[in-house]
Amino acid sequence: MDRWRMDDVPPDQDDQLRLAVEAAGLGVFTLDLATDSAPNRSLQHDRLFGHAALQPAWGQAICERHVIEEDRPRFRDAFAAALETGVLAVELRVRWPDGSVHWLALRGRTRAGPDGRPARIVGSVADVTAQKGAELRHRMLHETMRDAYVLVDMDGHIVETNALYRELVGHTAAELAALTYQDLTPERWHAAEAAIVREQVLPRGHSDVYEKEYRRKDGTLVPVELRTALARDDAGRPIAMWAIVRDIGERKRTEAQLRRGYETYLDLIENAPFGVYLIGDDFRLAQVSAGARKVFGSVTPLIGRDFAEVLRIVWSEPFASEAIARFRHTLATGEPFRAHDTTETRGDIGEVESYDWQIERVAFPDGRHGVVCWFYDLTERKRYEQRIELLMHEVNHRSKNMLSLLQAVARQTAASSPEEFLSRFTERMQALAASLDLLTGSGWTGVPLDELVRAQLAHFRDSVGRRIRLDGEPVVVSATAAQTIGMALHELATNAGKYGALSGETGWVAVRWGLRGDSGAPDFSIAWTEHDGPPVVPPTRKGFGSVVIDRLARGALDADIALDYAPGGVAWRLTCKAAAVLEPGSRPGPAR
């Protein structure tokens, strides 16, 4: 039968309908449910089942034999549902006689008989193999993607997802079909995402890549990165939105770990016991450690400024330009640099300072590079070394002076009787040693005069404050003055203990010293005055004691010596310029 007609269609419209159906490539049929036959069907119908000509017979059973076995249950269910609903709708695969498989879409409606029950099905058949292939490729593309995929309508209802998306949010496809993408998104993201749709997706068809969170079925939050695109119909109207979604939870955890590591790194820099500078990839000063701020106090306000400008402020030329070139080279090439014992003049404070420093390139958590500079301040060590060298020269010089002094003491002591030589020489060496002990304790930088006086009067320490009265302002005397005045006080105290005011029970001694005269160039004086002792008899000869308290003191300090053997007690006074006695750099008390 190559001529067919549709039931319920007026004869004058039958040809028009037949031409339209044939042009659409559809096959049409009318299936009699009572006889399971379809004598009224088009040639295109049978061709869609793989037959070049109309077959002698056709019905539901014959049609089912053409359906591949896996789809037959769905075929039977569709026809059973049609008897209940009045609508036939099913897509399935059929195998042609040549063995090829094709997708067909069966659509139809039931027609009732005189008893009101379905008597026949009027329907059509269409080949949807190409459409199914495209859908399969579409689905395979989404399922094999490395990222999650979601398609939503313009109201946000979820239409299609791939397995990765379902795994990401923890929902099944059926569960997602009842949800919107807003249902999966925490509320704090709603306004921002609505603005992205309004300001980016709708006007230009896609969004920039942005971040947000999804709330999984179990309630946990997962950070994601996505880009949304717009789908339009043939008339250009928006019909859907789709997005490629990437789980960035691992990246966020890595970023957080890197950030914590970087914060630890910055904390180590801040609290490093040595100086550290951190320079960014833009060659600006990014951070200065606490150790560096102690040395370069002027740098803190310069943080954030161009490092070349900072170096030119801190250091003088040409070193500033040389250092700038070194830093730029390390930033550009990654080649480290180390400089040992660099001594240069500071540009900000004008001081000469020494440093051991090194620079190397470092990577920041965001992938950018910077330069870190580690430095050790050698200035104090250099000063210490210079001081040691100076002291060695001074020790050499003073050792020679000491030998000369010892020779003089020995010669003068030897002039007395031999049996007294050992005792007198030992006492004088002890006096000299007391002065040297004080000098050594102060690092040979001077001795407080009151300590020197007390050291030389150590044998009479119980009398200090009662029979020995000390009165003087704080004065620090030089090494030479300490030895000279110390020896003089020793001789005076020895004589007072043997023959003078301290030899009896009632005598006493006043020791006074101080600065007088012009405050710019004052005079120094120290006086020893004895009272209430035995009557004084001037010596008949001059021994070493007389030499020490007169000639030696006069020559060593360019001093004026006044020595009076008055009947009431010996009076000795030394007067000289303060500069000859005071330790250089010490602060004398006020002149009076």
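At a Förster distance of 25 Å, what's the computed FRET efficiency of PHE337 paired with GLU263, Cβ-Cβ distance as r, to 0.05?
On the way: r = 27 Å, r/R0 = 1.08.
For PHE337 and GLU263, the calculated efficiency is 0.40.
The largest accessible area among VAL197, VAL94, VAL87 belongs to the first residue in VAL87, VAL197, VAL94, and the rest follow in falling order (1.4 Å probe, all chains). Zone of ASP532 (label point 7 Å along Cα→Cβ, backbone N under 16 Å): which residues in region 494-514? Those under the cut-off are 500-511.
Note on GLN182 and ALA163: their simple-model spin labels are 3.3 nm apart, each label 7 Å out from Cα toward Cβ. The modelled label-to-label distance between GLU175 and ARG111, using points 7 Å beyond Cα along the C-beta direction, is 4.8 nm. Remark: spin-label model distance ASP450-ASP282 equals 6.1 nm, labels positioned 7 Å along the Cα→Cβ axis.
The values are calculated or read from the model by the stated rules, or taken from the named source; none is laboratory data. Predicted model only: the values in this text are computed from it and were never measured. Backbone-built Cβ (ideal geometry, glycine too); neighbour counts: all protein chains shown. To get the accessible areas, we keep the full protein, side chains included, count just its heavy atoms, and leave off ligands, DNA and RNA. Shrake-Rupley method; radii C 1.70, N 1.55, O 1.52, S 1.80 Å.
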